[in-house]
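Colleague: The structure under discussion is supplied below as C-alpha cells; questions concerning it will follow.
The values are calculated or read from the model by the stated rules, or taken from the named source; none is laboratory data. The structure displayed is predicted, hence computed values, not measured ones. Heads up, the Cβs are rebuilt from the backbone with ideal geometry, glycines too, and the neighbour counts pull from every protein chain shown.
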Amino acid sequence: MEFLWYVFAGVLSGVLGGMGMGGGTVLIPLLNIFYSVSQHTAQASNLISFLPMAVVALIIHLKNRLVDFNKILFIIIPGVFTCIFGCYLARAINGELLKRMFGGFLFLLSVFQFVTEMRKSK
Amino acid sequence: MKSGIETKKGQQNNSKTNVYAILTGAIAGLINGLFGGGGGMIVVPMLIFLLKCNPKKAHATALLIILPLSAISGIFYAAFGSFNIGVGVPVGIGVVAGGVLGAFLLSKLSTKWVIIIFSVVMAVAGVKMLFF
C-alpha cells in the first residue's frame with residue numbers, strides 16, 4: 001500500500017516535470033512533509049528517480065535539435081566538481097538543517113518563478 | 001551543411017561567455033549536489049540571459065547539463081547511504097508515468113495557471129520546511 005503512495009508522489013512530480021516545471025522541487029517537499037521521509041533520502045530519491053525519464057526526454061530533445069551545445073563543456077565540467085562538493089556538503093549538514101535550507105531555497109525559487117510568470121503575461 | 005552544433009551567429013563568443021558558462025555550471029552543480037534538485041530552474045534563466053541561449057532551446061539544454069550532474073549526485077548520495085530503494089523504486093515508476101502524462105498535458109493545457117498554482121504551493125511548502 002505504501003508502495004502505491006510512493007508511486008502517486010512520483011506521478012505528481014512527474015507530471016509537473018513533464019510540463020517542464022521542475023518536478024524535483026515538488027517531490028522533495030512532498031516526500032518530506034507528507035511521507036515523513038528524511039531530507040537526505042528525499043533528495044536521493046529525487047536524483048535517482050529523475051534519471052530514467054530525463055534520459056528519454058533528452059533523446060527526444062536531441063532528435064528535435066532543441067539542444068544547444070555552445071560552451072557545453074565549460075558548463076558541465078565545473079558543474080561536476082561543484083556537484084561533488086555539494087554532495088559532501090549535504091552529507092555534512094544534518095537533515096533538519098538541510099531541510100530548512102531547502103525550504104528557504106524553495107521559497108525563493110517560487111517567488112522568482114511567480115514573478116517571472118506574471119511578467120510574461122503582461 | 002547543417003551540423004549538430006549551434007552556430008555562433010547571434011551569440012557572444014568571448015572570454016566573458018566562458019566565465020558565464022563556468023558560473024552557470026558551477027552553480028547548477030552546487031545546487032544539484034547540495035539539494036538533490038532544483039538546479040534546472042536556476043540554469044534555464046542563466047542560459048537565456050547570461051549565455052544568450054535561444055529560449056526555445058533552454059529547457060532542453062538545461063536537461064543536458066542537469067542529467068550528468070544528477071547521475072553523479074545520485075551515485076554519491078547512494079554511496080553515502082541516503083538512498084532507500086523502498087522509496088526510490090516506486091517513486092521512479094511514478095515519475096516516468098507522470099512524465100509521460102505531463103508531456104501529453106503540456107500540449108493541451110495553458111501553463112500559466114499551472115505555474116501560478118505551483119508557485120503558491122511551492123512557497124507554502126518552502127515556508128513549512130523552513131520554519132516548522
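Colleague: Which of the residues spanning segment A:19-59 are at the interface with chain B (Cβ under 7 Å from one of its Cβ atoms) and part of a loop (DSSP other than H, G, I, E, B)?
Modeller: Within segment A:19-59, A:MET19, A:GLY20, A:MET21, A:GLY22, A:GLY23, A:VAL37 qualify.
Colleague: Based on what the data block shows, is B:VAL43 free of Cβ contacts under 8 Å to residues at least 40 places away in the same chain and in contact with a Pro (Cβ under 6 Å, 6 or more places away or on another chain)?
Modeller: no
Colleague: Could you say whether any residue in segment A:110-118 is free of Cβ contacts under 8 Å to residues at least 40 places away in the same chain, facing chain B (nearest Cβ under 7 Å), hydrophobic (A, V, I, L, M, F, W, C) and part of a helix (DSSP H, G or I)?
Modeller: There is at least one residue in segment A:110-118 that is free of Cβ contacts under 8 Å to residues at least 40 places away in the same chain, facing chain B (nearest Cβ under 7 Å), hydrophobic (A, V, I, L, M, F, W, C) and part of a helix (DSSP H, G or I).
Colleague: On to the next question. For segment B:79-113, which residues satisfy the criterion of being assigned to a helix (DSSP H, G or I), under 11 Å from A:THR41 (Cβ atoms) and at the interface with another protein chain (Cβ under 7 Å from one of its Cβ atoms)?
Modeller: Step one: list which residues in segment B:79-113 are assigned to a helix (DSSP H, G or I), which gives B:79, B:85-106, B:111-113.
Narrowing the set further to residues that are under 11 Å from A:THR41 (Cβ atoms) leaves B:85-88, B:91.
B:VAL87, B:GLY88, B:VAL91, listed by residue number.
Colleague: Moving on to the next point. So, of the residues in segment B:13-43 that are modelled with pLDDT of 90 or more and among the polar types (S, T, N, Q), which turns out to be nearest to A:CYS83 (Cα to Cα)?
Modeller: B:ASN32
Colleague: Would you point out which residue out of A:SER38, A:SER13 is surrounded by fewer than 20 Cβ atoms within 10 Å (Cβ to Cβ), in contact with a Gly (Cβ under 6 Å, 6 or more places away or on another chain) and without any contact (Cβ under 8 Å) to a residue 60 or more places away in the chain?
Modeller: The match here is A:SER38.
Colleague: Looking only at residues in segment A:81-109 that are touching a residue at least 24 places away in the same chain (Cβ under 8 Å) and out of contact with any helix residue (DSSP H, G or I) (no Cβ under 7 Å at 6 or more places or on another chain), which one is farthest from B:ILE22 (Cα to Cα)?
Modeller: A:GLU96
Colleague: Something else now. Restricting the first residue to segment A:63-80 and requiring it to be without any contact (Cβ under 8 Å) to a residue 12 or more places away in the chain and of a type in the set (Asp, Glu), which pairs with a second residue that is surrounded by fewer than 20 Cβ atoms within 10 Å (Cβ to Cβ) and assigned to a loop (DSSP other than H, G, I, E, B) meet a Cβ separation below 7 Å and a spacing of at least six or different chains?
Modeller: A:ASP68/B:GLU6; A:ASP68/B:ASN54
Colleague: Is it true that some residue in segment A:89-99 is facing chain B (nearest Cβ under 7 Å), of a type outside the set (A, V, I, L, M) and within 22 Å of B:ALA79 (Cα to Cα)?
Modeller: Checked segment A:89-99: at least one residue is facing chain B (nearest Cβ under 7 Å), of a type outside the set (A, V, I, L, M) and within 22 Å of B:ALA79 (Cα to Cα).
Colleague: If I filter segment A:1-18 down to residues being of a type outside the set (A, V, I, L, M, F, W, C) and either in contact with a helix residue (DSSP H, G or I) (Cβ under 7 Å, 6 or more places away or on another chain) or outside any helix (DSSP H, G or I) (or both), which single residue comes out as farthest from A:PRO52 (Cα to Cα)?
Modeller: A:TYR6
Colleague: Restricting to segment A:1-10, name every residue that is touching a residue at least 12 places away in the same chain (Cβ under 8 Å) and at the interface with chain B (Cβ under 7 Å from one of its Cβ atoms).
Modeller: Hits for segment A:1-10 are A:TYR6, A:ALA9, A:GLY10.
Colleague: Can you tell me which residues in segment B:85-132 are surrounded by 17 or more Cβ atoms within 10 Å (Cβ to Cβ) and polar (S, T, N, Q)?
Modeller: B:SER119
Colleague: Out of (1) touching a helix residue (DSSP H, G or I) at 6+ places or on another chain (Cβ under 9 Å); (2) at pLDDT below 90, what's the single condition that is false for B:MET46?
Modeller: Only one criterion in (1) touching a helix residue (DSSP H, G or I) at 6+ places or on another chain (Cβ under 9 Å); (2) at pLDDT below 90 is unmet by B:MET46, namely (2).
Colleague: Right, another one. Among the candidates B:PHE80, B:PHE104, single out the residue that is more than 19 Å from A:ALA9 (Cβ to Cβ), at pLDDT 85 or above and not charged (D, E, K, R).
Modeller: Criteria check complete, one pass: B:PHE80.
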